[in-house]
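Each remark here refers to the structure printed beneath this line.
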Amino acid sequence: MSNRDLPESTVEWLSLVRYQMMMAAQQASLGRPLYAFALNSAQDAVESALSLVIQAVGGDVKARPDFLQSFDEAIKHGDDPDALKVFRPSLNAMNNARVSFKHHGNTPDEAAVKRHTARAVEFIEALTQQVFG
């Protein structure tokens, strides 16, 4: 599917995902402890991209899937799911860091936040390229 064939609603959703990632990158450059909010934004962007893929291709997911269920379902629809699978451990680590921060107040170090944010950007770019062109 070329990007010229995408429905307007999909293009808008992709734009929102891109904006979420831009916000995450900006937040990652803030001082301690504010940079940790980048984890929330990056996670939201990844989950939004996964949901978009699943909905756009008619994938099957439970009403309230967990993060890795969504990941596994969405990557099935990429041109090369094996290339996307390599992101699973790092995105799971990002999710765990986000939960630790959001629910327990544990602020990760700045390098970890930047690494998680960068990996989320790489994944979203790869996923959207493989699914939407």
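The values are calculated or read from the model by the stated rules, or taken from the named source; none is laboratory data. Only a predicted model underlies this, so the values are computations on that prediction, with no experimental measurement involved. Glycine also receives a Cβ, built like all others from the backbone with ideal geometry; neighbour counts cover every protein chain displayed. We work out accessible area using only protein heavy atoms, side chains counted, and drop any ligands, DNA or RNA first. Shrake-Rupley method; radii C 1.70, N 1.55, O 1.52, S 1.80 Å.
Out of the residues in region 1-13 meeting the condition of being outside any helix (DSSP H, G or I) and in contact with a Gly (Cβ under 6 Å, 6 or more places away or on another chain), tell me which one is most open to solvent (accessible area, probe 1.4 Å). Full working, then the answer.
Residues of region 1-13 outside any helix (DSSP H, G or I): 1-2, 6-7.
The next check asks that each one be in contact with a Gly (Cβ under 6 Å, 6 or more places away or on another chain); those that pass are 1-2.
Working: Met1: 134, Ser2: 42 Å².
Ranking the candidates gives Met1 first.
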- From the list Thr128, Thr107, pick out the single residue that is outside any helix (DSSP H, G or I) and either under 15 Å from Ala25 (Cα atoms) or not hydrophobic (A, V, I, L, M, F, W, C) (or both). Thr107
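Going through Ala49, Ala97 one at a time, which residue ends up being more than 11 Å from the chain's Cα centre (by Cα), crowded, with 19+ Cβ neighbours inside 10 Å and in a helix (DSSP H, G or I)? Walk me through how you get there before you give the answer.
On the way: Ala49 fails: more than 11 Å from the chain's Cα centre (by Cα).
When all the criteria are applied, what remains is Ala97.
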- Would you call Asp72 part of a helix (DSSP H, G or I), of a type in the set (Asp, Glu) and more than 16 Å from His116 (Cβ to Cβ)? yes
- Message: Condition (residue is under 19 Å from Val17 (Cβ atoms) and either aromatic (Phe, Trp, Tyr) or without any contact (Cβ under 8 Å) to a residue 12 or more places away in the chain (or both)) applied to region 98-118: is it met by at least one residue?
- Response: yes
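Among the listed residues Ala97, Ala63, Ala118, which satisfies the condition of being among the small types (Gly, Ala, Ser) and at pLDDT below 95?
On the way: Ala97 fails: at pLDDT below 95; Ala118 fails: at pLDDT below 95.
That would be Ala63, the only listed residue that is among the small types (Gly, Ala, Ser) and at pLDDT below 95.
Output the number of residues of region 14-36 satisfying the condition of being basic (Lys, Arg) and surrounded by 14 or more Cβ atoms within 10 Å (Cβ to Cβ). Can you show your working first?
So in region 14-36, the residues basic (Lys, Arg) come out as 18, 32.
Cutting the leftovers down to surrounded by 14 or more Cβ atoms within 10 Å (Cβ to Cβ) gives us 18.
Result for region 14-36: 1.
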